[in-house]
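Asker: Can you keep this structure in mind? I'll have questions shortly.
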Amino acid sequence: MRPDSSFAMAAASLRDMPREDRYGVVVSVRGALIEVAGLTGAAAIGSRLRIAHDKGTLEAEVTGLEGDLCQCLPFSDPYGIATGARAVLAAGQFNVRPDVTWLGRMVDGLGRPVDGRGVLPSGLVARPIRAAPPPAAERARVGAKLETGVRALDVFAPLCTGQRLGLFAGSGVGKSVLLSMLARWTKCDVAVIGLIGERGREVQEFVEDDLGPEGLARSVVVVATSDEPALMRRQAAWTTMAIAEHFRDQGLNVLCLMDSVTRFAMAQREIGLASGEPPATKGYTPTVFAELPRLLERAGPGRAGQGSITGLFTVLVDGDDHNEPVADAVRGILDGHVVISRKIAERGRYPAIDVLKSVSRTLPHCHDAAENETRLAARRMLSTFGDMEEMVQLGVYKPGSNPDVDTAIRLAPTIEGLLKQGKQDRGRADEIFADLNALIQGASTLVEAA
C-alpha cells in the first residue's frame, strides 16, 4: 500500500470519528434570555444550543456574547429551565433541506412539519436559513408582467416577474383577503407562503378556505403564530426565504408571500431588547433596520439561468400611519407599494386599494402605450374627483363650471365599480382595460359633441 494512500485512509477515519461535545451550564434566566457560561471560544453568534431540562430538550440560539457569557434565546417556552442545566453546543448553523415533496405541506420556522401528515422528506442540499442575495452585478433584470387577477393592481400597480411589492394596510381592512387572492391567481411555478406572527385561528382558514386544495398543491406554507417566541417568528421569515431560494435555484419562478414583515420587525425588536440593544426609533432597535434589507433583498431575480422570486410582503402600519418607521423603511427597499385604505374599505369597495397612492416601479415600461394612456386617463379622473368630492357633497360646485370636473363626477363612480371585486371574482387584465377604454372614449365623444 502506498504511503499517500495510508495517509488518506487515516484522514478519512479521523473525519468520521465523533467529535467531542462542547457544553456549558445555564447561569441565569431573565425573562426569555438565557445566559450560558463555559463556551468561550467555541460558541459564536448564531450557534445552536440544546439545553436539557426536566421536560426534555430545548433548542436555543446564541444571539449575543458578553464577556464569558453566551446570551441565548429559545425556540420554545423556556418554562422548566433551571440554573446549572447542561447546554450542549450543536455543530453548524441552522439550515433546511427543502424538496419537491414539501409542496402541499405546512412547516414551522425550523422546517419541521406541523400539519399532522407525518414525516417530511429531506432534500439532498442543505440550505442556510440566513443567506446573502445574489450579487447585484450578476442578477437578471425584472421579467415580464404577471397577471394577478386583481383588477386595481393589474391596471394601476402591475406586478412583474421578480418584482418585490409591499401591501401596506392597517388592521382589519382586507389585507389578508387580498393576499389570498394573489396567492391563488398569480401565475407561478411554486408559491412559498410565510405566515409570520399570525393568529392561530386564521392559519387553517387561510389554508383551507382562501388558498384551497389547488393553491396548496403548489405551495409550501411556513407558519409561526403570534404566541410563539420571537426567535421562532424571526426564523420563520428566514426559512420562508430559504425555501424560496431553493426552488429559484432550480430554475423555477417562485411567488413568495409573507404576512407580515411588520411582525418580523417586532420579533427582531424583542430579540434586540432582550440582548441589551438600545431602543431607537419608536422602540425599534438598530438591528431591525439592518435586518429588513437583508431579508427583503433575498427576493428578486436570480442569476442568469436561475429562476426568480416574486415577492409580495404585507406591512401592518401602526395606527394607519403609513410613515411609521417600519413602513417607511420597507417602502424604500421594495420595488413598489400598494396602499390599502380604511376610508375606501368603509365605503364598501374591496379590495380597498388606493390607486392614487399606490406605486409600481416597473411602470410605465411594463404596460404598452395604449394601456398607459388608458391608465393615466382613469387616474386623472379619479384624482380630479377626489380633489372636488367634498365641494360636490357640500353643494358648492356648480355643474358646468369645468368640463373635466363634470366628466370626473360622472365617471369616477363607474371606475370605482369596475375596480370592486369579491375574493372569488377573478379579474382579467384585457377585460378591465377594454372596459376603461370604452368608458373614457365614450366620455371624450360626449365632450366633443357638447
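The values are calculated or read from the model by the stated rules, or taken from the named source; none is laboratory data. A quick note: this is a predicted structure, and the numbers were derived from the prediction, not measured. FYI the Cβ positions are ideal-geometry reconstructions off the backbone, even for glycines, and counts take in every protein chain you see. Please note that ligands, DNA and RNA were not included when accessible areas were found on the heavy atoms of the full protein model with its side chains. Shrake-Rupley method; radii C 1.70, N 1.55, O 1.52, S 1.80 Å.
Asker: Please pick out the residue among Val125, Val88, Val100 that is open to solvent by less than 50 Å² (accessible area, probe 1.4 Å) and hydrophobic (A, V, I, L, M, F, W, C).
Answerer: Going through Val125, Val88, Val100 in turn, the sole match is Val88.
Asker: Among the residues of the stretch 56-74, is any within 30 Å of Val220 (Cβ to Cβ), in a loop (DSSP other than H, G, I, E, B) and not acidic (Asp, Glu)?
Answerer: No; the residues of the stretch 56-74 include none that is within 30 Å of Val220 (Cβ to Cβ), in a loop (DSSP other than H, G, I, E, B) and not acidic (Asp, Glu).
Asker: I'd like to know if the stretch 23-45 contains one or more residues that are in a strand (DSSP E or B), more than 29 Å from the chain's Cα centre (by Cα) and aromatic (Phe, Trp, Tyr).
Answerer: Checking the stretch 23-45: at least one residue is in a strand (DSSP E or B), more than 29 Å from the chain's Cα centre (by Cα) and aromatic (Phe, Trp, Tyr).
Asker: Please name all residue pairs, on different chains or six or more residues apart, with Cβ atoms under 7 Å, provided the first residue is in the stretch 430-442 and is in contact (Cβ under 8 Å) with a residue 24 or more places away in the chain and the second residue is open to solvent by 30 Å² or more (accessible area, probe 1.4 Å).
Answerer: Ile432/Arg151; Ile432/Leu418; Phe433/Glu371; Leu436/Leu418; Leu439/Thr414
Asker: Here's something else I'd like to know. Which one of these is over 24 Å from Pro158 (Cα atoms) and open to solvent by 10 Å² or more (accessible area, probe 1.4 Å): Glu291, Glu324?
Answerer: Glu291
Asker: Do you know which of the residues in the stretch 300-322 that are modelled with pLDDT under 90 and among the small types (Gly, Ala, Ser) is nearest to Pro135 (Cα to Cα)?
Answerer: Ala304
Asker: If you take the residues in the stretch 141-154 that are open to solvent by 10 Å² or more (accessible area, probe 1.4 Å) and small (Gly, Ala, Ser), which one is farthest from Arg347 (Cα to Cα)?
Answerer: Gly143
Asker: Next question, about the same structure. Which one is nearest to Gly427 (Cα to Cα), of the residues in the stretch 155-176 that are open to solvent by 10 Å² or more (accessible area, probe 1.4 Å) and more than 15 Å from the chain's Cα centre (by Cα)?
Answerer: Looking at residues that are open to solvent by 10 Å² or more (accessible area, probe 1.4 Å) and more than 15 Å from the chain's Cα centre (by Cα), I get Gly174.
Asker: Take Asp108 and tell me if it is within 16 Å of Trp238 (Cβ to Cβ) and under 22 Å from the mean Cα position of the chain (by Cα).
Answerer: Criteria met by Asp108.
Asker: Next question. Could you list, in sequence order, the residues of the stretch 260-288 that are open to solvent by 10 Å² or more (accessible area, probe 1.4 Å), among the hydroxyl-bearing types (Ser, Thr, Tyr), closer than 22 Å to Leu73 by Cβ and at pLDDT below 90?
Answerer: Selection gives Ser275 alone.
Asker: From Ile415, Ile440, which residue is in contact with a Ser or Thr (Cβ under 7 Å, 6 or more places away or on another chain), surrounded by 16 or more Cβ atoms within 10 Å (Cβ to Cβ) and modelled with pLDDT of 85 or more?
Answerer: One residue alone meets the criteria, Ile440.
Asker: Then there's this: Against the condition open to solvent by 50 Å² or more (accessible area, probe 1.4 Å) and of a type in the set (A, V, I, L, M, F, W, C), how does Ile51 come out, does it pass?
Answerer: Criteria not met by Ile51.
Asker: Related question: Only one of Gly162, Gly123, Gly172 is outside any strand (DSSP E or B), at positive phi and either out of contact with any strand residue (DSSP E or B) (no Cβ under 6 Å at 6 or more places or on another chain) or among the aromatic types (Phe, Trp, Tyr) (or both); which?
Answerer: Gly172
Asker: Could you tell me how many of the residues in the stretch 233-242 are touching a Phe, Trp or Tyr at 6+ places or on another chain (Cβ under 9 Å) and buried (at least 24 other Cβ atoms within 10 Å of the Cβ)?
Answerer: Number satisfying all stated conditions: 6.
Asker: To continue, here is another question. Residues of the stretch 244-264 being outside any loop (DSSP other than H, G, I, E, B), more than 10 Å from Ile193 (Cα to Cα) and of a type in the set (A, V, I, L, M), which ones?
Answerer: Residues satisfying the conditions are Val254, Val261.
Asker: A follow-up question, please. State the number of residues belonging to the stretch 82-120 that are touching a residue at least 24 places away in the same chain (Cβ under 8 Å) and not in a loop (DSSP other than H, G, I, E, B).
Answerer: Residues in the stretch 82-120 being touching a residue at least 24 places away in the same chain (Cβ under 8 Å) and not in a loop (DSSP other than H, G, I, E, B): 10 in total.
Asker: How many residues, within the stretch 294-312, are under 13 Å from the mean Cα position of the chain (by Cα) and either among the charged types (D, E, K, R) or farther than 21 Å from Asp249 by Cβ (or both)?
Answerer: So the count comes out to 3.
Asker: Next question. Anything in the stretch 392-412 that is open to solvent by less than 30 Å² (accessible area, probe 1.4 Å) and touching a residue at least 24 places away in the same chain (Cβ under 8 Å)? List them, or say none.
Answerer: Across the stretch 392-412, the qualifying residues are Thr407, Ala408, Leu411, Ala412.
Asker: Looking at (1) open to solvent by less than 60 Å² (accessible area, probe 1.4 Å); (2) under 28 Å from the mean Cα position of the chain (by Cα), which is the one condition that is false for Leu382?
Answerer: So the condition that Leu382 fails would be (2).
Asker: If you don't mind, there's one more thing I want to ask. Pick out the one residue from Asp335, Asp354 that is free of Cβ contacts under 8 Å to residues at least 24 places away in the same chain, more than 21 Å from Asn437 (Cβ to Cβ), within 21 Å of the chain's Cα centre (by Cα) and open to solvent by 10 Å² or more (accessible area, probe 1.4 Å).
Answerer: Just one listed residue meets the conditions, Asp354.
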